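Take a look at the structure set out below.
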Amino acid sequence: MMESQHIFNGDMTRAARILVKVSAQYIAREANVTKEELRDFEKGRHDLS
């Protein structure tokens with residue numbers, strides 16, 4: 001059976017975060033990344049994989 005991959009790019013991630021009104025600080029903490037890494041990912045300057 002093939003596994004499906006869910007791909008979120010930085011723009012989609014930021015839009016989803018803003019839509020549900022969750023702070024970058026909260027997402028970064030839950031994802032175990034720094035706030036700067038999350039911001040860089042959202043701006044397309046960093047890959048979190």
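The values are calculated or read from the model by the stated rules, or taken from the named source; none is laboratory data. Source: prediction; values computed, not measured. Don't worry about glycine lacking a Cβ; one is built from the backbone with ideal geometry, like all the others, and counts go over all protein chains shown.
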Review point. Would it be correct to say that Met1 is of a type in the set (A, V, I, L, M, F, W, C) and either modelled with pLDDT of 95 or more or not in a helix (DSSP H, G or I) (or both)?
Key: yes
Study note, to complete from the structure: Selection from the range 14-49 of residues charged (D, E, K, R) and out of contact with any helix residue (DSSP H, G or I) (no Cβ under 9 Å at 6 or more places or on another chain) yields Lys21, Glu30
